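Below: one structure, written as structure tokens.
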Amino acid sequence: MIATANKQIEANNLKVIKDQLGYEALLNKKFHQASELCTDQQLKSLCNQASQTHKQNFNSLKTYLDSHQ
């Protein structure tokens with residue numbers, strides 16, 4: 001598929017984006033789990049920040065993907 005007026009994404013790029021969505025979701029989950037296990041408040045805060053960053057990355061990618069379909 002070549003990008004056309006309706007903004008479709010090429011198949012190989014679509015696979016990369018979908019893979020990245022999976023990675024971002026997994027990292028969000030893992031950092032969230034790690035923050036729950038932390039007793040050190042600074043480390044807990046860092047894990048929570050990382051979790052939020054990956055959640056934002058996921059949402060940005062999803063928004064981009066949705067706008068091209």
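See the values below:
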| item | result |
| --- | --- |
| Mean Cβ neighbour count within 10 Å, used as a protection proxy, ranking 36-46, 17-27 highest first | 17-27, 36-46 |
| Spatially proximal lysines relative to LYS62 (Cα-Cα < 23 Å; intrachain offsets below 8 disregarded) | LYS7, LYS15, LYS18, LYS29, LYS30 |
| Answer label, with Rg/Rh (Cα atoms, Kirkwood Rh) calculated from the coordinates and candidates (1) 1.19; (2) 1.10; (3) 0.96 | (1) |
| Between helix 41-67 and the chain: long-axis angle, C-alpha atoms, 0 to 90°, nearest 10 | 10 degrees |
| Carbon + sulfur, % of accessible area of the chain - ligands and nucleic acids excluded, 1.4 Å | 57 percent |
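The values are calculated or read from the model by the stated rules, or taken from the named source; none is laboratory data. Nothing here was measured: the structure is a model prediction, and the numbers come from that model. All Cβ positions, glycine included, derive from the backbone under ideal geometry; neighbour counts span all protein chains shown. These accessible areas exclude ligands, DNA and RNA; they are computed on the full protein's heavy atoms, side chains included. Shrake-Rupley method; radii C 1.70, N 1.55, O 1.52, S 1.80 Å.
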